[in-house]
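This report concerns only the one structure given below.
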Amino acid sequence: MIKLVTQSDLMQAAMVHSESWKESHRNICSAAFIESHTPERQKNYLASEIVKGAQLYMLIDRKPVGIVSVYGNLIENLYVLPSEQNKGYGTQLLTFAVGKCTGAPVLWVLSTNDRARRFYERNGFRATGNIVQHAGGVSELEFCLNRE
């Protein structure tokens, strides 16, 4: 079941975000920066995204296993608990999010996250060539759903 996150279950979504984000960024960021992404911090981050207009959804299969947010045609915050990956949850969330987009679905991926890039490419997304440079040589690559 995929449900819209409300104030009453925002902390559950934040716990999924915290654990998943830490794992996905472990080889990219410093240990101190990783550990600063506590569930409480991520709850504040997700709440601020909702205030800006993002719709945050949570996938529950006996327990919360993943989240995704959609803002117009922008898909963000697609995270699945590390212990629940490779079970199809990411694909379920992505397919759901694509259906919620108001235009051609777009998302951004860290240039160093090969696993995420491969996942999105397997699901029909292609790099647009738009890049945002960040400190330390890391960049984000824009991907758009190729419906051809």
> In nanometres, what is the gap between the two model label sites at residue 40 and residue 110, each 7 Å from Cα along Cα-to-Cβ?
Replying inline: 2.4
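Any idea how many Lys pairs in segment 15-141 come in under 17 angstrom at the alpha carbon, given 8 or more places apart or on separate chains?
Working: 22/43; 43/52; 52/100; 63/87.
Within segment 15-141, the lysine pair count is 4.
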> Calculated FRET efficiency, residue 63 and residue 102, Cβ-Cβ r, R0 41 Å, to nearest 0.05?
Replying inline: 0.85
> Using a basic spin-label model with each label point 7 Å from the Cα along Cα→Cβ, how many nm lie between residue 23 and residue 123?
Replying inline: 1.6
> Top mean-square fluctuation among 17, 134, 25, Gaussian network model of the chain, C-alpha springs under 10 Å?
Replying inline: 134
>> Under 8 Å for C-alpha pairs, at least 6 residues apart: give me the relative contact order for the chain, rounded to a whole percent.
In response: 19
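Any read-out appearing in this document is the output of simple, stated calculations on the displayed coordinates, not a laboratory observation. A quick note: this is a predicted structure, and the numbers were derived from the prediction, not measured. Counting neighbours? That spans all protein chains shown, and the Cβs are built from the backbone with ideal geometry, glycine included.
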